[in-house]
Amino acid sequence: MSRLKPPAWFVLLLPAIIILAAVVLIPLLLSLYSSFTPYRLTRPDSLYRWIGFANYEKALTSIHFWTAFGRTVLLLTIALNLEMLMGLGLALLVNKVTWGQRTLRTIMMFPMMFSPILVGFQFKFIFNDNVGLVNNALQSLGLTDQAIPWLVDGKLAFFSILVAEMWSATSVFAILILAGLFAVPRDPIEAATVDGCTPWQTFRHITLPFIMPFIYIALAIRSLDVARAYDIVQIMTNGGPARRTELLWTLIGRTGYVDARMGYANAMGYISIFLAIFFTVYFFRKLNAARGELGMAS
Amino acid sequence: MNENLKHRIKARILKALHLVALFIAMAIICVPGLWIVLNSFRPTVEIMAKPPVWIPSELNLDNYRAMFGAVGEGGVPVVQYFTNSLIISVTSTVIAILVGMAGGYAFARYRFKGKAGIFIGLMLTRAVPGVSLSLPLFIVMAKTGLIDTHVGLILVYVALNVPFTIWLIDGFFRQVPIELAEAAEIDGCTRWQAFWKVEFPVARAGIASAGIFAFLTSWNEYALASQLTRSTFSKTMPVGLRDFTSEFTINWGGMCALAVLMIIPALILTFIVQKHLIAGLTFGGVKG
Amino acid sequence: MKRSGINALLGATALSMAAGLAGAGEFDGITLQAKLIGGQQYEALYARISEWEAATGAKVEVISKKNHFELDKEFKSDLAAGTLGWCVGSNHSSFASQYPNLYTDLTPYLSAETIAEFVPANIAASKIGDALVMLPRAQFDVSALYYLKDIYEDEANKAAYKEKTGKDLMPPDTWEEVKEQAIFFTDAPNFYGTQYAGKDEAIVGRFYEMVVAEGGQLFNEDWSPAFNSDAGKRALQWFVDLYEAGAVPPGTTSYLWDDLGQGFASGTIALNLDWPGWAGFFNDPAASKAAGNVGVKVQPAGSSGARTGWSGHHGFSVTESCEHKEAAASLVDWLTNEDSQKLESAAGPLPTRSAVWEHVVASAEGDAYRTEVLQAFQAAASHAFPAPQTPYWIEATNLIFPELQAAILGDKTVEEALETAAEAVDELMQEEGVY
């Protein structure tokens, strides 16, 4: 009898698998089950009534769910792309600096020190139409004599949330891309400069492919990190007014806890997980492709 | 000569543009944050004033004094919140980094069946919206008696951070050519030694940044903490922010003061870890 | 043995308990876990817990302190997970009906005299069916109309208003006048006529008041929606008209109580229907620009001639699963007794005991502002009614408020909005098997 020796990779991965199973998988199965029941928090016995796909049917035929779904996709797409571009720009700006870079890098990461819930409060006050910083500044500078309802007008509220979200998350992109920039080998760049390439060409053909994996890591991580934006949106508008800024997370949170309809909320949660899976798998493929170009593929 | 001058002027302009752009970017980053810091030193009536008061007429420590004062007079158990936050964040970060290093190394260096699947599977655990996770998690924690304990939150934060750390560290290990490690092994090192002597130093930058991320995530997390903590025994600072809101009111000045207390340690830590980040990068100097 | 001993002791001290004086050492060795509402205005009372501990020998362990919305979430999670080992919880009349099985009926643990000392309306609002699920603390909320005095004394204003409407400029007595004056006073973006809570339960509560003031009802007897009526339309139209006229801050649909309070304190709002808890804040020069300039008046009447006040109060409850209900009830009694209510109401909040009302009014003598405030709120309280006592109230408000907002912001007409909201509430009630 030969003793079964588990492969090294498995041993290395085991701690991660155990902890994720305990903290995420088990609760997730529980909520998967509850999505097939009319589970109400205030009536624990409702957990034992099986209603099949009724919750899913309800969600999939609900106009509120689909508008929230669409708006979430829109927000994610716009936010991720803008954050990526601005993060790249910021990283390049900071990377060029030769003096005091450490301080600059710390300042660059400043928004990351702010808890999302704090960011929510902060931007709620900044965009307050009556005593908010933005309106005060615009009025004091004489740019407008209106109280602009930042958090009420559908487009403006979306914009305000976008600004808050970008303010808090662009740093994540910037620091990861900056780390990537540091890892870019010097030789090819020097060679390219000697060969008379313009800075743009050097960037496009040497630097960019090299930092692409980092960009995709950042994109994927951020698209996973949907829960973060929940705090911000919940505090700023909580989906309102008149559902104008309703996102999946505010809808699910309100249904689950305020209305206490956890079964229905979990069904919506599961549908929204597919959204996250789609984004993640998409970026993961891109990441592997980018690595393939650099010869780092697995 | 003329050509040369033109070139120099162009370089100057570019440099000035760079500085201006940098300044604007930094200003946008700083202003909303510094506004919080400023508000923590101002009385609420001035913050909320209309027409606005741009130049503060008085700055004082009243909000801080009240916060450290007695409960009922504006006091909030800040010291306990701070200690809880610190214990929970530091412990969970250290564990997440260790687990993440092991996992990241496995993905970067070993070939095995179903690798992509397992990898995506791990990543997707982070895709679960906190809202749908929080209640089942609460039930599991309640059954195991981990509600309102440090251990409970530490476990959750490790799980929250592991996918991220694995991914990040994996990326950095991949930047280290496998030939380097193999060369070390040929030189008589064990795989273990090769890891510490060759691969770890190079990937240190990645580990440092993963560490910062993990720490900041735990330090700032609110949704799950608000669900899993109850009393001063385990409440963290983001949850403590809610102490300044009540049914009808919000003490914005006080909230800003606590926010400043939250930001300072994070800022200091980030600044310190920066050094290691640089060291890790310059030490290696490995060409890819 | 030990338990029966405690019970025997209890019997012996029942009389003293009823008077709010617990016997010494009565609950020796008992530890009660409590979940209390946190926040500055609520905390002063908790200092009295140690006196109760000293008097009875019991220990109180506060295992959670959060604001009501967070507590609400926590209670629901507790129900779901079955973590109900704690005994005493803060409660609120607007939330209480959501968890009918969480709290025990306090009647067996209190004497009839004790209960009779509270304001009857508050006791009625503390019941679910016949069960008295909480004892009210001195945190009673009903709204009255705050206004800035100087704008009513300004001669130019008086003349202009007279010319415009043919009426004398006086603090308004009907909602129609509020609308008229609000539009008259508005000088956007620096000054607005009025404002209202614009989201969540808050706006539905305001709408509720208005519907009843217009002679309608929110729900029929069987809990089917009744607000899609002429009265409902008139009520909603009032909110819409103010918004369309620009007489409220454009952000009003995103406002909750804190925004409203800060808004009035910034001196940029003429008329503000608001809670008693703000009275002190509004007149405090360190907190408010309106200080010294605040008038308070009973809430205006609707077209039906009725004044209406959606009200709520805080209280303390004992869980059904509590092991030491006698001790817990004694603590709840202590926290709501006369001394406790005097302590709390001294800081401004309104009491829920008849004797403390008299005490508060008497001690305000000589303080003109405080007297004005108390008179207004005492009058307002006489028109008060609690939130509809159905477990689905909060859920119904979540269906109604986005539709009200849609009408106010002009996304829908008043008719469409009420139609949609009524359908949604009807569906909810049917789904839950209410009828």
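Only the coordinates and a few stated rules stand behind these numbers; no lab work does. Being a predicted model, the structure only gives us computed values, none of them experimental. Counting neighbours? That spans all protein chains shown, and the Cβs are built from the backbone with ideal geometry, glycine included.
Things to note:
- Here's the picture: charge each Lys and Arg Cβ at +1 and each Asp and Glu Cβ at -1 in chain B, and of B:W252, B:A96, B:H150 the one pushed furthest to the positive end of that dipole is B:A96.
- Candidate lysines - alpha carbon under 23 Å from B:K10, same-chain residues fewer than 8 apart omitted: A:K96
- Pairs from the list B:K235/C:K127; A:K58/C:K199; C:K179/C:K297; C:K149/C:K179; A:K286/B:K197 with a Cα-Cα gap above 23 Å: B:K235/C:K127; A:K58/C:K199; A:K286/B:K197.
- Over chain C, relative contact order from alpha-carbon pairs under 8 Å, at least 6 apart, %: 25
- Working from label points 7 Å from Cα in the Cα-to-Cβ sense, the B:K143 to A:D45 distance is 2.1 nm.
- Contact order, relative form, for chain A: 26 percent (alpha carbon pairs under 8 Å, 6 or more residues apart, mean separation divided by residue count).
- Pairwise label distance in nanometres, A:R102 with B:W196, each label 7 Å out on the Cα-Cβ vector: 2.7
- Close amide H partners of C:I128, meaning residues 5 or more places away or on another chain with modelled amide H under 5 Å apart, are C:V133.
- Look at the alpha carbon pairs under 8 Å that are at least 6 residues apart: their mean separation over the length of chain B gives a relative contact order of 27 percent.
- The charge dipole of chain A, taken about the Cα centre with unit charges on the Cβ atoms of Lys, Arg (+1) and Asp, Glu (-1), comes to about 680 debye, rounded to the nearest 20.
- Whole-Hz ³J(HN,Hα) from phi, Karplus 6.51 cos²θ - 1.76 cosθ + 1.60, for the stretch C:394-407, glycine and proline x: 5, 5, 4, 4, 5, 7, 7, 4, x, 6, 4, 4, 4, 5
- Efficiency of FRET between C:A306 and A:L85 - r from beta-carbon atoms, R0 60 angstrom, step 0.05: 0.50
- Under 5 Å between amide hydrogens, built in the peptide plane, is the criterion, and for C:S311 it picks out C:F385, C:A387 among residues at least 5 positions away or on other chains.
- Cα gyration tensor category, rounded, prolate or oblate, for the stretch A:56-293 with a/c compared to 1.5: oblate
- Counts of other chain beta carbons within 10 angstrom of each beta carbon in peptide B:230-236 average 4.
- Average beta carbon contacts from partner chains per residue of B:161-168, 10 Å cutoff: 4
- Neighbourhood net charge (12 Å Cβ-Cβ; Lys/Arg +1, Asp/Glu -1) for A:F123: -1
- Residue order for C:H314, C:H92, A:H64, fewest other beta carbons within 10 angstrom first, comes to A:H64, C:H92, C:H314.
- Cross-link partners of C:K59 among aspartates and glutamates (Cα-Cα below 19 Å; sequence separation of 8 or more within a chain): C:E26, C:D28, C:E43, C:E51, C:E323, C:E326, C:D333
- Measuring between their Cα centroids, the stretch A:26-58 and the stretch C:322-369 lie 43 Å from each other.
- Within a straight-line Cα-Cα reach of under 16 Å, A:K155 can be paired with the following lysines, leaving aside sequence neighbours fewer than 8 residues apart in one chain: A:K124.
- Per-residue Karplus couplings for the stretch B:199-206, computed as 6.51 cos²θ - 1.76 cosθ + 1.60 with θ equal to phi - 60°, are listed in order as 7, 4, x, 5, 7, 4, 4, x Hz, Gly and Pro entered as x.
- Highest-MSF residue in chain C out of C:D187, C:D411, C:D154 [GNM, Cα springs under 10 Å]: C:D154
- Across chain B, the convex hull enclosing all Cα atoms gives 218 Å³ per residue.
- Residues A:I175, B:I47, B:I264, ranked from the fewest to the most other C-beta atoms within 10 Å, line up as B:I264, B:I47, A:I175.
- Interchain or long-range residues, amide H under 5 Å from C:N91's placed H: C:G315, C:F316, C:S317
- Working note: Karplus 6.51/-1.76/1.60 with θ = phi - 60° gives the stretch B:52-60 the couplings x, 9, 7, 9, x, 7, 8, 10, 8 Hz, where Gly and Pro are set to x.
- Helix C:414-431 axis, angle to chain C major axis (alpha carbon atoms, nearest 10°): 20
- Volume per residue for the stretch A:119-164 equals 65 cubic angstrom (convex hull of Cα atoms).
- Other protein chain Cβ atoms within 10 Å, averaged over every residue that makes up A:249-261: 6
- For chain B, leaving out every one of the GluC sites (Glu not before Pro) that falls in a DSSP loop and has at most 13 other Cβ atoms within 10 Å, the longest unbroken run is B:74-288.
- Proxy reagent accessibility, fewest Cβ within 10 Å first, across B:F119, A:F159, B:F107, C:F69: A:F159, C:F69, B:F119, B:F107
- Screening chain A for DSSP H helices whose Cα atoms reach 27 Å or more along their own axis and whose mean Kyte hydropathy is at least 1.0 gives A:63-96, A:154-183.
- Angle between chain C longest axis and helix C:68-81 axis [Cα atoms, degrees, rounded to 10]: 50
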